[in-house]
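First the structure, in the form of structure tokens, and then the observations on it.
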Amino acid sequence: MAAEQAPRQLRPAGRVVGVLHRPGPGGLARMRELEDAADAVVADAEAYRTADAGLHLHIAELSVSRRLLEAEQGIQHELTRLLAGHPGGTESRSTPSQRHRALAGAIEARDPARARKQFAVHAEATANLCLPFVQEPTES
């Protein structure tokens, strides 16, 4: 039995979840509400950070992957902690220029390949946002 399960265990978790679970209309409607709420407060850095974290956590919940949800909780906690101490304005404390429509649209369309691609774009934008906070200053 263990030999039969091994190939399944080696498959990427996101791929397995994408095959086994399709978000229902209620979950998708809630995702759209959270996306709209984040867009509505984009000028308020603290409110946007809270709304953005809520949207990300909901998307992770839609996956029905406990591991993904736990990872996203950790990511959002660390991102909030990292950004909280920065004295800059909205543009330096959030990613309003990298909103969530493309990612949410791919999830709504139930298109896992497009969702993975849009997630990668969004994650890279977030990483680029955070790099100045964690990099050592370079000497000129």
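Would you confirm, using the coordinates I've provided, whether residue 118 is surrounded by 15 or more Cβ atoms within 10 Å (Cβ to Cβ) and at pLDDT 75 or above?
yes
Among the residues of region 15-28, which ones are open to solvent by 50 Å² or more (accessible area, probe 1.4 Å) and either modelled with pLDDT of 50 or more or of a type outside the set (Lys, Arg) (or both)? Before you say what the answer is, go through the steps one by one.
In the first step, residues of region 15-28 are kept if they are open to solvent by 50 Å² or more (accessible area, probe 1.4 Å); the result is 15, 19-22, 25-26.
Result: 19, 20, 21, 22, 25, 26.
Step by step: first the residues of region 43-62, then only those that are open to solvent by less than 40 Å² (accessible area, probe 1.4 Å) and among the aliphatic types (A, V, I, L, M), then the one that is farthest from residue 82 (Cα to Cα). Which residue is that? Quick ask: steps written out before the conclusion?
At the first step, the residues of region 43-62 found to be open to solvent by less than 40 Å² (accessible area, probe 1.4 Å) are 45, 47-49, 51-56, 58-60, 62.
Among the residues that remain, those that are also among the aliphatic types (A, V, I, L, M) are: 45, 47, 51, 53, 55, 59-60, 62.
On the way: 45: 13, 47: 16, 51: 16, 53: 13, 55: 18, 59: 22, 60: 21, 62: 26 Å.
Result: 62.
Which pairs have Cβ atoms under 7 Å, sit 6 or more apart or on different chains, and link a residue in region 78-104 that is part of a loop (DSSP other than H, G, I, E, B) to one that is modelled with pLDDT under 70 and β-branched (Val, Ile, Thr)?
Within 7 Å, the pairs are 96/90.
If I ask for residues that are touching a residue at least 40 places away in the same chain (Cβ under 8 Å) and of a type in the set (Asp, Glu), which ones from region 47-64 would you list?
Answer for region 47-64, where residues must be touching a residue at least 40 places away in the same chain (Cβ under 8 Å) and of a type in the set (Asp, Glu): just 52.
For residue 77, only one of the following conditions fails: (1) at pLDDT 90 or above; (2) within 19 Å of residue 118 (Cβ to Cβ); (3) exposed (fewer than 12 other Cβ atoms within 10 Å of the Cβ); (4) not small (Gly, Ala, Ser). What is its number?
(2)
The values are calculated or read from the model by the stated rules, or taken from the named source; none is laboratory data. Note that the structure is predicted; figures quoted are calculated from it, not measured. Glycine also receives a Cβ, built like all others from the backbone with ideal geometry; neighbour counts cover every protein chain displayed. All accessible areas refer to the heavy atoms of the entire protein, side chains included, with ligands and DNA or RNA removed. Shrake-Rupley method; radii C 1.70, N 1.55, O 1.52, S 1.80 Å.
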